[in-house]
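For reference, the structure is listed below as structure tokens.
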Amino acid sequence: MSETAVLICGHGSRDPEAVAEFELVAAALRPRLRDFDFATGYLEFARPTIRDGLATLAARGARKILAIPGMLFAASHVKNDLPWEMNSFMADNPGIDVRLGRDLAIDPKLLGAAADRIGRAAADPAITRAETLLVVVGRGTNDPDANSNIAKLARMLWEGMGFGWAEIAFSGVAHPRVDAALTRAARLGFRRIILFPYFLFTGVLVKRIYAQTDAVARLFPDIEFVKALYLRDHPEAHHHYVRGIGTDDHHGRHGVPYHGNHHC
């Protein structure tokens, strides 16, 4: 076993389904990292914590730990919270070198996974893509760079997939919020609206987004509202996480995975 280990860093959730899905992805990654010790850790709401994960790997002999954020964009968690966790651990454990990778960001494979999720939701040939409006929902943060990435992603999906129009929405903090964006979208004259949460895993926010979509859909019965599945464990992103592992490119690209279709 190499003295280099890998820690996949999750946000954590109060929803056990979200944690279970994160662990499902981690389990799929383990066979790809046979030469490294491997663990997961969470910033909040779940265990093991990030520090617990680092400590476990160090106790098993790791001297270099590659900490990979399982997070889509670089907002406060990636820019502030994770670096603090790594630096404080190294301060208490001077013999351990912890290298923090970057966020998953907008990557061709993640973009392809998103397009596949949306494409499955748009499979009904009775309504063309030109008659369809796409709404891409992000988490929403105080970081304008992270929020602008949702707008960029929506634009790329809209142009690449041939939809009639695209709007963005956020589950919190930033505007427009989901219900406001969907209500506005419903008045633009499209026959179908596809709602796509650009999230890795389920949780309180994703379930709330789907519930808000159902509520708006009841107000506009002449429009077909379709809820696309979030990214989850899409195979296009499986090896995105491990790209660059074991090389000197510790800031290389990493990613996430897939399963199934959530078509309502």
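The values are calculated or read from the model by the stated rules, or taken from the named source; none is laboratory data. Just so you know, these numbers come straight off a predicted model, no measurement behind them. Note that each Cβ is placed from the backbone with ideal geometry, even for glycine, and that neighbours are counted across all protein chains shown. Note: areas computed on protein heavy atoms with side chains; ligands, DNA, RNA excluded. Shrake-Rupley method; radii C 1.70, N 1.55, O 1.52, S 1.80 Å.
Points to keep in mind about this one:
- Of all residues in the range 154-190, exactly one satisfies the criterion of being within 18 Å of LEU231 (Cβ to Cβ) and touching a Phe, Trp or Tyr at 6+ places or on another chain (Cβ under 6 Å), namely ALA166.
- Only residues that are under 23 Å from the mean Cα position of the chain (by Cα), open to solvent by 30 Å² or more (accessible area, probe 1.4 Å) and not β-branched (Val, Ile, Thr) were counted across the range 93-111, and they come to 6.
- Scanning the range 71-86 for any residue that is over 15 Å from the mean Cα position of the chain (by Cα), over 30 Å from LEU153 (Cα atoms) and loosely packed, with under 14 Cβ neighbours inside 10 Å turns up nothing.
- If the condition is being in contact with a Gly (Cβ under 6 Å, 6 or more places away or on another chain) and not in a helix (DSSP H, G or I), then the range 134-154 contributes only GLY140.
- ARG60 being surrounded by 14 or more Cβ atoms within 10 Å (Cβ to Cβ) and either without any contact (Cβ under 8 Å) to a residue 12 or more places away in the chain or not aliphatic (A, V, I, L, M) (or both): no
- Condition met for ARG139 (within 13 Å of the chain's Cα centre (by Cα), in contact (Cβ under 8 Å) with a residue 40 or more places away in the chain and open to solvent by 50 Å² or more (accessible area, probe 1.4 Å)): yes
- Some residue of the range 204-215 being in contact (Cβ under 8 Å) with a residue 60 or more places away in the chain and more than 17 Å from the chain's Cα centre (by Cα): no
- Candidates in the range 178-216 are the residues that are outside any loop (DSSP other than H, G, I, E, B) and aromatic (Phe, Trp, Tyr); of these, the one that is least open to solvent (accessible area, probe 1.4 Å) is PHE196.
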